[in-house]
There are 2 protein chains.
Amino acid sequence: MIRNSDACRSNCPINFVLETFGDRWTLLIVRDLMFKGKQTYGNFLESEEQISTNILADRLRRLEAHEIIQKEVAKDNRSKFIYRFTDKGKDLIPIMLEVTAWSARHDSQSNAPATFLSDYESGREQMIAAVRANLD
Amino acid sequence: MIRNSDACRSNCPINFVLETFGDRWTLLIVRDLMFKGKQTYGNFLESEEQISTNILADRLRRLEAHEIIQKEVAKDNRSKFIYRFTDKGKDLIPIMLEVTAWSARHDSQSNAPATFLSDYESGREQMIAAVRANLD
DNA sequence: CGAAGTAATTGCATTTTGCAAGTATCTTAC
DNA sequence: GTAAGATACTTGCAAAATGCAATTACTTCG
């Protein structure tokens, strides 16, 4: 069940993001949709972090309610939904890249590509544009 | 109690950030320390989102365990601790500013300063440097 | 029609959160 | 030196969220 008024705690911009993304799963769905070409419920379930079906259904519902993503029936198979970012969702790209950069700097176990940091630092705007262009 | 091995779900950079910041409170503490000059347990408790004492104590402990912040006894009052960012913590500045920008763009209720977006877009590096310089 | 594929929902045990009250240590005022 | 206040927590318990396994519902394919 979606919290109907979503109990907004304040009008702080940091808090605003937490109202949607302040849990351990939502951002992984965004990641899969943004960087891994995943677009269906079944795709998201396959991720290595092993999200469970009830949590996935709940988070997709909330992301849609917050107008980060929208879904449509797949053209090739009408029993399937295709999830896509809204413009608001696409605007998360700079945040996601900045988060990736921080982890690349501070997590010695990070599996970010070896060239990520230098590519990002030398061409941030280009990388943002490239990710955006790669979303249909 | 801090999860001893913190059950790392994957080596994905997005997931790495979630392991520390994937809840509704931790980032508010970072915000207060980064932008509002708050440095003590009592200061953090005063924020409008009304964090409770047990959650605050737990999150400060985790932030310290993850080496985002460190605490020291206050010089003027030995019954008080002063919390400060580590270098790893200071490196969160670009993420926090990017998050603020996203909310400023997409939350009509946002209380971000009216000039924030234009200042940020025209001088991102300067703003990062300014915030950093403002941390002791 | 029946089997397979896709997207969920349900029930229940475990974990986390939120709230109120209590405790411990250090400082200040007399 | 002691009592009152300031500061930083801890504890106990009810409520909510999470995680897991099983089940349901709808669509497509043969």
Out of A:Lys75, A:Lys71, A:Lys38, sole residue that is assigned by TED's automatic domain parsing to the domain that holds A:Ile14 and part of a strand (DSSP E or B): A:Lys71
Residues of the stretch A:41-82 that turn out to be hydroxyl-bearing (Ser, Thr, Tyr) and more than 24 Å from B:Ser10 (Cα to Cα), as a count: 1
Only one of B:Phe16, B:Phe35 that is within 14 Å of chain A (Cβ to nearest Cβ), modelled with pLDDT of 95 or more and open to solvent by 30 Å² or more (accessible area, probe 1.4 Å): B:Phe35
Any hit, the stretch B:114-121, residues being closer than 18 Å to B:Asp32 by Cβ and not assigned by TED's automatic domain parsing to the domain that holds B:Cys8: yes
Hey, B:Glu98 surrounded by fewer than 14 Cβ atoms within 10 Å (Cβ to Cβ) and either more than 16 Å from DNA strand D (Cβ to nearest atom) or outside the structural domain of B:Leu45 (by TED's automatic domain parsing) (or both) or not: no
Complete set of residues in the stretch B:42-53 that are open to solvent by 60 Å² or more (accessible area, probe 1.4 Å) and either within 24 Å of B:Arg132 (Cα to Cα) or more than 9 Å from DNA strand D (Cβ to nearest atom) (or both): B:Glu46, B:Glu48, B:Gln50
Filter result for A:Gly22 (away from DNA strand D (no atom under 12 Å from the Cβ), within 19 Å of B:Met96 (Cα to Cα) and small (Gly, Ala, Ser)): no
Residue match in the stretch A:54-67 (condition: more than 8 Å from every other protein chain (Cβ to nearest Cβ), open to solvent by 10 Å² or more (accessible area, probe 1.4 Å), touching a residue at least 60 places away in the same chain (Cβ under 8 Å) and within 10 Å of DNA strand D (Cβ to nearest atom)): yes
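The values are calculated or read from the model by the stated rules, or taken from the named source; none is laboratory data. What you see is a predicted model; the values in this text were computed from it and never measured. Cβ coordinates were reconstructed from backbone atoms using ideal geometry, including for glycine residues, and neighbour counts include every protein chain displayed. Remember, those area values only see protein heavy atoms, side chains included, never the ligands or the DNA or RNA. Shrake-Rupley method; radii C 1.70, N 1.55, O 1.52, S 1.80 Å.
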